[in-house]
1. Which number in (1) surrounded by fewer than 20 Cβ atoms within 10 Å (Cβ to Cβ); (2) in contact (Cβ under 8 Å) with a residue 40 or more places away in the chain; (3) within 14 Å of chain B (Cβ to nearest Cβ) marks the one condition that A:T113 misses?
2. List every residue pair whose Cβ atoms lie under 6 Å apart, where the two residues are 6 or more positions apart in sequence or sit on different chains, the first residue falls within the stretch A:138-152 and is among the small types (G, A, S), and the second residue, located anywhere, is in a loop (DSSP other than H, G, I, E, B) and buried (at least 20 other Cβ atoms within 10 Å of the Cβ).
3. So the check is Cβ under 7 Å with 6+ separation or different chains; which pairs have a first residue in the stretch A:120-136 that's away from chain B (no Cβ under 11 Å) and a second one that's surrounded by fewer than 11 Cβ atoms within 10 Å (Cβ to Cβ)?
4. Looking only at the stretch B:256-282, how many residues end up being part of a helix (DSSP H, G or I), away from chain A (no Cβ under 14 Å) and buried (at least 23 other Cβ atoms within 10 Å of the Cβ)?
5. State yes or no: is B:K494 surrounded by fewer than 20 Cβ atoms within 10 Å (Cβ to Cβ), more than 9 Å from chain A (Cβ to nearest Cβ), in contact with a helix residue (DSSP H, G or I) (Cβ under 6 Å, 6 or more places away or on another chain) and farther than 21 Å from B:S425 by Cα?
6. Which one of these is modelled with pLDDT of 95 or more and over 26 Å from the mean Cα position of the chain (by Cα): A:Q558, A:Q522?
7. Quick one: which of A:K198, A:K258, A:K229, A:K222 is crowded, with 21+ Cβ neighbours inside 10 Å and over 16 Å from the mean Cα position of the chain (by Cα)?
8. Among the numbered criteria (1) over 21 Å from A:M417 (Cβ atoms); (2) surrounded by 24 or more Cβ atoms within 10 Å (Cβ to Cβ); (3) basic (K, R), which one does A:K329 miss?
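The values are calculated or read from the model by the stated rules, or taken from the named source; none is laboratory data. On a predicted model such as this, the values are computed, not experimentally measured, just so you know. Here Cβ is always computed from backbone atoms with ideal geometry, including for glycine, and neighbour counts include all displayed protein chains.
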Amino acid sequence: MRRNQLSIVHMKVNGMPVEVEAGSNILAAAKKVNVNIPTLCYHPDLPAWAACGLCVVKQENSPKLLRACATPVQENLSIITHDAELYQIRKTVLELILSSHPSTCLTCGRNGTCELQRFAAEFGIREQPYEVRLVDLPKDTSTTSIVLDPSKCIKCGRCVQVCQNMQGVYALEFIGRGDQTVISPAASLPLNDSPCIKCGQCSAHCPVGAIFEKDETQSFVKAVSDPDKHVVVQVAPAVRVALGEAFNLPAGTITTNKIYSALRRLGADKVFDTNFSADLTIMEEGTELVRRLTTGSGAIPQITSCCPAWTDYMEKYYPDMIPNFSTAKSPMMMQGAVTKTYYAEKAQIDPAKIYSVAIMPCTAKKFEKSRDDNMRSSGFADVDLVLTTREFARLIKASGIDFLEIEGEEADSPIGMYAGAGTIFGNTGGVMEAAIRTAYHLITGEELPNVNVEAVRGMEGVRSGEVDIKGTKVKVAIAHGMANVATILEEIREARVMGKEPPYQFIEVMACRGGCVAGGGQPYSTTDDIRNKRIAGLYSDDERSTYRCSHQNPEIIQIYDEFLGEPLSEKAHHLLHTTYQERKIYKH
Amino acid sequence: MAFRNYILVCGGTACESSKAGAIYDALVAECRAQGVSQDVQVVKTGCFGFCEQGPIVKVLPEDSFYVQVKPEDAKEIVSEHIVKGREVRRLLYDKDSSKKHAKVEDIKFYQKQFRIVLRNCGFIDPENIDEYIAREGYVALEKTLFDMTPDDVINELKIAGLRGRGGAGFPTWMKWNFTKQVEADEKYIVCNADEGDPGAYMDRSTLEGDPHSVLEAMTIAGHTVGARQGFIYIRAEYPLAIHRLEVAMKQSREYGLLGKNILGSGFDFDIEIRLGAGAFVCGEETALLASIEGRRGMPVPRPPFPAVRGLWGKPTVINNVETWANIPVIILKGGPWFERIGTPDSHGTKVFALTGKIRNSGLVEVPMGTTLREIIYDVGGGIAHDKEFKAVQTGGPSGGVITKDYLDTPIDFGSLTKLGSMMGSGGMIVMDEDDCIVDVAKFYLNFTVDESCGKCAPCRIGGRSLANILDKITKGNGTLEDLDKMEEIGGAMKKASLCALGQTAPNPILSTVYYFKDEYLAHIVEKRCPAGKCKSLITYSINTEKCIGCTACARKCPVQAITGERRAPHTIDPALCIKCGICLETCKFGAVEVR
């Protein structure tokens, strides 16, 4: 109790008394009395970088200005956030930023969501008083996922901080100095030759249109208008609880059925669900885990492999973990493989004519679909096109679909039904929980009495614990936010060197903080608050599901009966499993 | 004295680059050749400060001050002065003096100086620890280790009123006290030797001439605040200073003055050198610490201050070279002694690198409160070539200009800031009537624009915008509106930039616009550069009445812009002229005119 009292700071913002938690910044204190201070570089996910200069505020009786983002609150501090002088300074700084940023808003991908554009509107900027000088560097289109446009970059540094601190990847850095500063990989290499794992967190945090997902909406439009193409679409778990935000619905609103109907209106011939293959993944990966645990075949711990950014990271930074990786493909790739085999056979459609589309919360998925030949296990590209949630939202809007009003529909059979376990694949801890539900069944032959495995839920960057499967103790760990994974993997390496038992038996890793719900392709302005709401959405989707465990999903039972045989069968192995290889951190 | 004579040869970088090394070798060889090696010790010292007249050789005990010495002069110095006891008159600074001996104290350059920081520069061999010890070196350390408590040391600094010499003037005792009070498993001491102001070399000379004073002071600080490790962050462009620091550190370790169990006290302290790549912004303390940690040198917001959270997140005392060099003297002579020097607001002395259009450029150390006029006219000997004084720039590229109306301002932290300039680290550049104030402002601004780290928008973009406007003005394309824009941008930069580099970068512009508005207006309205510097605004022509047709200018003109018959007045074709000024220099009859 005493500690609680101590951690509250009393201060004033524009004369109004504020009580605020010690350790928070002036931005947060101002927010408490409904005062917004403009900032372009600050993001709640990141430590204050203090670059843009817009958030300057005054301390009473002090000539020096403070940066609201970087100044911690103090007892008795009295702050003025808005007055004539501050307005003029902010306007001048904004005009300076605009003098180095192209005024091509109409043709920019961030038109309408750009934070700089918003401030220019709010400050009523009507002319460019200062000589405009733009960076004349070409776009970096080297990756299949992300486009870097240095001409639009305002050097706020968010992407660099995300890439280095949140993700631990260090693909992006400030290069050069002064007004020659650019943000790029070391030695100005193309992004594709850098350590970049394509997670897209840079694009999700960029306040302007300088880092952007590779837009492939036109490929979709072309495909659906081609009468020779049979367009089949799958939708990832995390999309359903975030897409609504693009249509002003609260974060976490479940829009699964509207998504199905919107896709049909967009011209999809069949609408399936990646959640089905999430269940399929659990069947394969869960069986693999049980086999590793009970027969000693394969390395312990087993580490999840459904996140393509994580897989890329592992192949570059931790190739010694390859034997520990589950050989199961990601749900998206499994769905693509069974679409062009099982579904094609059942529906008697030439798989060559099937155009397989995936709606994903993730930019790395654009890279994953063609990462190697295993992604063509059907004999064709298992997935032809990946669209992010953001691209999908634009597509819906451009097609005149009133997303808020359309009636919801159901997914198509036979690979569209899902259990609650499949839907929580979209959040941190979800794959672990889904696997535990089925592993329990595989080991004991019984159903888990309480399928809500609270122990593995939460937002801590690294979580570990022990799961009791009727006497069999399984030590598990979960990491999300790529920079957090090192903590766990170094423990494993250390145990290996010391010749000790591995500290964990099963590890779930997701590259993005919060998991896929906060993937690099999700709607903008993601914060922990929004992450939590989206995660709550997925858990409620799970709660209301008829089946909670993957092995209970009738379509899963059916596909093994009719087509795959059993988990890890030869056919399953061919279609649903893959291999990994060590990759260079820098290509050259 | 063990030797009859001592020959001190300046071994500062400036004299070294004018063959001081060869002079030293020649003197040693001559002494041997002339059989006086036993009677004479030749010593290579640190900088004498009087760089204008280098290379400098001083002979003791006569105190004869030889200037602009060449290696060839060694023979005569030895044969005349050492062997025969007669000064080599032609090499003396004061050649015409009627006095028997021309002593250093008679030289006006030194008369108003008071040397605390530079006390050993030019007196001792910086590569010989014994010479430092002979001048009470490491006595202050001994005193702090055995006779004083850490609080005594901080109190002594408090009484002395020493303020940081790196520019900001923050009370040194407070910094130390903050760090001392924070509990931490590790603390650090850092010496900021990343001197970057154009034309400034105070810190370099101090380290070259008296490296032990800094090592001793850092060790004292380590003991006072509870740190065991120090770092000296120095730019790689200072090889001589680095070499001398390395030699000094090696000798200190051998003498038990650095390393484990210093002087048997049980206190461990050691120092490492970290080389900087020469980025100006790394002189900013948080950027410097980032650079030591191996990260890109970019400032971060304060608080937390390094004293509380510094290197690798640990409490860190970071002081500039000159501040460090003051510490041992203060400990030895006591706070009250130091407190009495200077002005009520600023105590002690300040070292300046006096350069520009000055007769005696060099390194000077004067008590706080000395006026600009005394420094420029008495120490500096006035303006070179009898030109008219125009302004003096203090505080390096981030300072402002001060005009002749304010020459009697006593120098201290407060008064220079009031004039729109600043003390800075001690650069002082004098300008004369030939300097165009807009051009000068442009020069400084271009420096800070180039050296901006690029992190914060006001500095990164504002600096470039200002530089472009100045460029426009010097090309004759400026408008009156540009003056307002410059004040707008400059104001925003001062208030909203993250670190001192951006906050002070507009100073040269804002102060020159304030003091020399007429000159800006001449450029903008009349499209004229009164100093004749801005090429776009001047034309060269030949006064036909003065020209005698000697053809000298025509022959020298690199672009054949000058034509004319012999013995007939010449003309310059403005379309061809590149305004290089060679004709002006060549003409002996004053016929070439610039307008």
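1. Exception for A:T113: condition (3).
2. Note: pairs meeting the criteria are A:S145/A:K198; A:S145/A:T363.
3. Sorted first by the residue in the stretch A:120-136, then by its partner, the list stays empty.
4. Qualifying residue count, the stretch B:256-282: 1.
5. no
6. So the residue among A:Q558, A:Q522 that is modelled with pLDDT of 95 or more and over 26 Å from the mean Cα position of the chain (by Cα) is A:Q558.
7. Only one candidate qualifies: A:K258.
8. Against the list (1) over 21 Å from A:M417 (Cβ atoms); (2) surrounded by 24 or more Cβ atoms within 10 Å (Cβ to Cβ); (3) basic (K, R), A:K329 comes up short only on (1).
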